[in-house]
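Below is one structure, written out as structure tokens, with a few remarks after it.
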Amino acid sequence: MGSNMPQSPNEAEGRIAEPVTKVPAYSWYALSVLVLVYMLNFIDRNILSILANDIKADLGMTDADLGFLYGTAFGVFYALFGIPLGRLADSWNRTRLMSIGLALWSVMTALSGFARSGLSLSAARIGVGVGEATASPAAYSLLSDWFPKKMRGTALAIYSAGLYLGGGISLLIGGLIVETWNRIYPGGGPLGLVGWQAAFMAVGLPGLLLAVWVFTLREPVRGAIEGLPEAKVERPFRGCFEELFAVIPPFTFISAARRGSAALMVNGAAALILAALAYVMGHLTHNFQQWGAIGLGYYAVFSWAVSLKHRDLPAFRLIWGSPAFLYTILGYAMVAFASYSVSFWAAPYAERVLGASKASLGFWIGGGGAAGGFLGVIIGGRVSDWLRERNPAGRILVIMFGVLAPVIPLIIAFTTSNIVLYYFLNFCLSLLASSALGAAAATTQDLVMPRMRGTATATFFLATTLVGLALGPYMAGQVSTMTGSLSAGVLSMLVAAPIGTCLLIMAYRTVPEAERSLIERARVAGEPGL
């Protein structure tokens, strides 16, 4: 990197030849710690599922309200703060960032146990979302510097297994805590807490200890594993604050004004259009909080993307200006749209429609979901690496499998009255849908330069969160509220399958050329040092 002489594309590509042939033992140790972090991430996030019916009864909520609480209230702020925090992961110490975020979301999960209204619980969920926004941008970037490209799909799949293990464990321990607490304290326990409140506190506080462990991890040299070592950023927080101004209203208007009056007018017009659409949707569904939050999220993403083009053209071109990148993340978002809905509503459905007890469904749905998700994401990640060695677009086939394979099991699961078959099919759904995650994550990392990986991860999670998490569980709950049938609500998620398939066909056609031309496109966009 010391020479300023122009280089040919072949010479530049030679610089990213992988010098590492053996993965150090420390990389595997660090990966195991990150898996624990991601497990706790989803324990704290998904425990709401097993608690949903109790919260609905105690706080007077509808299914649409529960979908908002699980998906939108958490997801919008998780996505928005993921942008500046993703940028910080590209410039600051990633292990410190993750430990701070872990401490924050653990405290906010514990505080959820003191909620006395839907509003206070929503506020706590927003705090959980902000804290959890630190985890995956930092983790994806760290793993890409601990593991060579040929192992990246496997490493990210193993990390992603924490999602399914945590989601499953949350049902297991949540059900046990609620039933045990309510049996011992039928009228409410210490501080007047009931079972669902005690469960939030029980899963939140241990995260503070794990945060200390994460703080001890060593920070790898960014890009060294690919022969592109990058110097430390002298002012790491500057970029984070720039992103914060670009994405969080009303600072977005200040950020736009700095680029000129034309930029401010475009930004203001976008805000007005999205506010109008949010009002119309809120009026149609009688749920202004849902569509107000969605409108806020989509406006913030627009504002950030336009700002990124002005501040970091190479990153914009390789992320927002890359059809291959966008097809990939939106295609996977359709997997997330359906799978987030199933993962949230599976437990309330079994309890409400099939008459299962919390302890029973916590064991069978939680345990089966954890096992299926763990197996699926590991197998899917390994298969995606194997296919990629033989086909530059091989990983896209695995994502496409994750879109289509769950369709038939989903239809049968939410129409059967056989509880044993329902449990088995939930295991199958977790196994099949989880197979796509490692492939999608690895593809996003392969399509950008090393310094952009945190930002690319944040963008990836914008799609999975603002399309999958913020819309899927809510829309299933909204259909359930309108029809009186939770089965109809979940089955309505099948609309994601044809949309996802079309997007991934386009990704399959464009990803190989996008990866082959990465260095040249970065150079043309003005990437320093190329």
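The values are calculated or read from the model by the stated rules, or taken from the named source; none is laboratory data. All values reported here derive from a predicted model rather than from experimental measurement. A quick note on method: Cβ atoms are made from the backbone with ideal geometry, for glycine too, and the neighbour counts reach across all protein chains shown.
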Checklist outcome for this item: Of (1) in contact with a Pro (Cβ under 8 Å, 6 or more places away or on another chain); (2) without any contact (Cβ under 8 Å) to a residue 60 or more places away in the chain, Ala89 fails just (2)
Next on the checklist: Against the conditions (1) touching a Ser or Thr at 6+ places or on another chain (Cβ under 8 Å); (2) without any contact (Cβ under 8 Å) to a residue 24 or more places away in the chain, where does Ala123 fall short? Just the number, please.
Outcome noted: (1)
Checklist entry - Exactly one of (1) assigned to a helix (DSSP H, G or I); (2) closer than 27 Å to Ala79 by Cα is unmet by Val448. Its number? => result (1)
Next on the checklist: Restricting to region 87-139, and then to whatever is outside any helix (DSSP H, G or I) and of a type outside the set (Ser, Thr, Tyr), can you tell me which residue is modelled with the lowest pLDDT?
Outcome noted: Asp90
Checklist outcome for this item: Exactly one of Leu466, Leu425, Leu462 is assigned to a helix (DSSP H, G or I) and more than 16 Å from Gly75 (Cβ to Cβ), and that one is Leu425
Checklist entry - Among the residues of region 492-508, is there at least one that is of a type in the set (S, T, N, Q), part of a loop (DSSP other than H, G, I, E, B) and assigned by TED's automatic domain parsing to the domain that holds Met334? => result no
Next on the checklist: Here is a list: Thr416, Thr455. Which entry is in contact (Cβ under 8 Å) with a residue 12 or more places away in the chain and not charged (D, E, K, R)?
Outcome noted: Thr455
Next on the checklist: Restricting to region 303-323, name every residue that is within 19 Å of the chain's Cα centre (by Cα) and either among the small types (Gly, Ala, Ser) or outside the structural domain of Met506 (by TED's automatic domain parsing) (or both).
Outcome noted: Trp304, Ala305
Checklist entry - Out of region 498-517, which residues are out of contact with any Gly (no Cβ under 8 Å at 6 or more places or on another chain), small (Gly, Ala, Ser) and surrounded by 19 or more Cβ atoms within 10 Å (Cβ to Cβ)? => result Ala514
Next on the checklist: Being over 25 Å from Leu504 (Cα atoms) and touching an Asp or Glu at 6+ places or on another chain (Cβ under 7 Å) narrows it down to one residue among Leu361, Leu308, Leu284, Leu354; which is it?
Outcome noted: Leu361
Next on the checklist: Please determine whether any residue of region 60-68 is buried (at least 24 other Cβ atoms within 10 Å of the Cβ) and touching a Leu at 6+ places or on another chain (Cβ under 6 Å).
Outcome noted: no
Checklist outcome for this item: Counting only residues in region 140-151 that are assigned to a helix (DSSP H, G or I) and of a type in the set (Phe, Trp, Tyr), the one surrounded by the most Cβ atoms within 10 Å (Cβ to Cβ) is identified as Tyr140
Checklist entry - Residues Arg152, Arg125: which one is assigned by TED's automatic domain parsing to the domain that holds Ser341, among the basic types (Lys, Arg) and over 30 Å from Ala64 (Cβ atoms)? => result Arg152
Next on the checklist: Going by what's in this entry, would Ser487 be described as crowded, with 24+ Cβ neighbours inside 10 Å and either under 27 Å from Tyr508 (Cβ atoms) or in the same structural domain as Leu330 (by TED's automatic domain parsing) (or both)?
Outcome noted: no
Item to check | Residue count for region 66-99, restricted to those that are of a type outside the set (S, T, N, Q) and closer than 13 Å to Glu219 by Cα | outcome: 7
